[in-house]
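Below is one structure, written out as structure tokens; the observations come after it.
Just so it is clear, none of the values below were taken in a lab; they were calculated from the coordinates. Predicted model, so just to flag it, every value in this text is computed and none were measured. Every residue, glycine as well, gets a Cβ built from its backbone with ideal geometry; the counts of neighbours run over all protein chains shown.
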Amino acid sequence: MNREKVLVTDLTKSFGDLLVLDKISFNVAEGEFLVIVGPTGCGKTTFLNSLTKILDIDSGSILLDGVDVDPGKQNLAYILQEYSALPWLNVEQNIAYGLKIKGFNKELVAERVEEAISMVNLEKYRNYYPSELSASMLQRVVIARAFATKPDLLLMDEPYGQLDLNLKYKLEDELLSLWQKTGTTVIFITHNIEEAVYLSDRILVMTNKPTQVKTELINGLPRPRNVASKDFVDLRNQVTDLIKWW
């Protein structure tokens, strides 16, 4: 059993009189791929924004490696649904950007960039700019930029929501390959139940607002996963029913 990486205790967040997160508690093991699902608007993104200190929480605690989470001191990476490649930088420069922001020396930046470009198969496109890339390549750039920093925790907020199914499946497989190679701890938010079952080690199902953890499901399906198998379909239906009925 891997050691505890993230511990969330009684996390509470309101916007004025609207209580969004209501004493949420859970943990994440080191190297685990945790997926969070729930009804639209239940506060999943608010949770990630609280974890990264984009938003201040009202009460509770979020610990990373046993201390209060602090993006200024700890190595976090956050991938959004929107394409976040910087348009004035080429592929190589985009991937290097996060490393430079975190203060890595030139030699290590160059080494990590080469490693990341290779992992996402963009060697031939290193000098291309975002306007010259397809949607799937743009997301590869963003994912490579995040993995290049070798983050203590990778947060992903519906990163494939705008892609068609074929691209989504391809990038999900690439993501799993990177995760398995690096051992990165991942918290992944999605509305797509099939995606949650395909990617996760464990699934947290959230309630509607005020949001709490409704239940958690261990996903022990063998990898690579067969989306047509009875066990896969049964788990997908179980998660769907948990979100549908209150």
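Annotation: amide H of Leu153 within the under-5 Å range of Ala77, sequence separation 5 or more or interchain, hydrogens built in the peptide plane. Under a 5 Å amide H cut-off, with hydrogens placed 1.01 Å from N, Lys5 pairs with Val28, Ala29, Glu30 among residues at least 5 apart or on other chains. Based on alpha carbons, the Rg and Dmax found for the chain are 18.0, 54 Å.
Computed over neighbours whose Cβ is under 13 Å from that of Tyr169, the net charge equals -3, Lys and Arg +1, Asp and Glu -1. For the range 133-209, the direction-averaged projected area of the alpha-carbon convex hull comes to 5.7 nm². For Leu221, no residue whose modelled amide H falls within less than 5 Å of its own remains once neighbours fewer than 5 places apart on the same chain are excluded. Backbone geometry of the range 186-193 corresponds, through the Karplus equation with coefficients 6.51, -1.76 and 1.60 at θ = phi - 60°, to 3J(HN,Hα) couplings of 10, 10, 10, 9, 8, 8, 8, 5 Hz, x marking Gly and Pro. Sorted ascending by nearby beta carbons within 10 Å, beginning with the fewest, Thr184, Thr9 become Thr9, Thr184. Here's the picture: charge each Lys and Arg Cβ at +1 and each Asp and Glu Cβ at -1 in the chain, and of Gln139, Ser14, Leu155 the one pushed furthest to the positive end of that dipole is Gln139. Cα centroid distance between the range 1-53 and the range 150-180, in Å? Between the Cα centre of the range 1-53 and that of the range 150-180, the gap is 19 Å. Both radii were evaluated on the Cα set of the range 45-187; the Rg over Rh quotient, with Rh as the Kirkwood radius, amounts to 0.97.
Panel order for Val227, Val28, Val197, by other beta carbons found within 10 Å of each beta carbon, from fewest to most: Val227, Val28, Val197. How far is helix 106-119 tilted, in degrees, relative to the longest principal axis of the Cα atoms in the chain, given as a value from 0 to 90 rounded to the nearest 10? Approximately 70 degrees, to the nearest 10. DSSP beta bridges confined to the chain are antiparallel in about 55 percent of cases.
Compared with the direct C-alpha span, the chain from Asn166 to Arg126 gains 12.0 nm at full extension, assuming 0.36 nm per residue. Distance between the 7 Å Cα→Cβ label points at Asp70 and Thr215: 4.0 nm. Shape class of the range 1-87 from the Cα gyration tensor (axes a ≥ b ≥ c, square roots of the eigenvalues): rounded, since a/c falls below 1.5.
Computed over the range 83-150, the Cα gyration tensor eigenvalues convert (square root of 5λ each) into semi-axes of 18, 12, 10 Å, ordered from largest to smallest. Placing a pseudo-label 7 Å from each Cα along the Cα-to-Cβ vector at Lys100 and Glu82 gives an inter-label distance of 2.2 nm. Working from label points 7 Å from Cα in the Cα-to-Cβ sense, the Asp56 to Glu30 distance is 3.3 nm. Every helix of 4 or more DSSP H residues in the chain counts as -39500 (n - 2.57), and over all residues that averages to -11000 deg cm²/dmol at 222 nm. With respect to the chain, whose longest principal axis is taken over its alpha-carbon atoms, helix 165-182 is tilted by about 80°.
Using the Cβ-Cβ distance between Leu7 and His191 with R0 set to 41 Å, the FRET efficiency from 1/(1 + (r/R0)^6) comes to roughly 0.95. Rounded to the nearest 10 degrees, what's the angle between the helix 230-244 long axis and the longest principal axis of the chain, both from Cα atoms, 0 to 90? Approximately 60 degrees, to the nearest ten.
The Rg/Rh ratio of the range 113-246, with both radii computed over alpha carbons and Rh defined as the Kirkwood radius, is 1.00. In order along the range 44-51, phi translates into HN-Hα couplings of 5, 5, 4, 4, 4, 5, 6, 5 Hz, rounded to whole numbers, per the Karplus curve 6.51 cos²θ - 1.76 cosθ + 1.60 with θ = phi - 60° and x for Gly and Pro.
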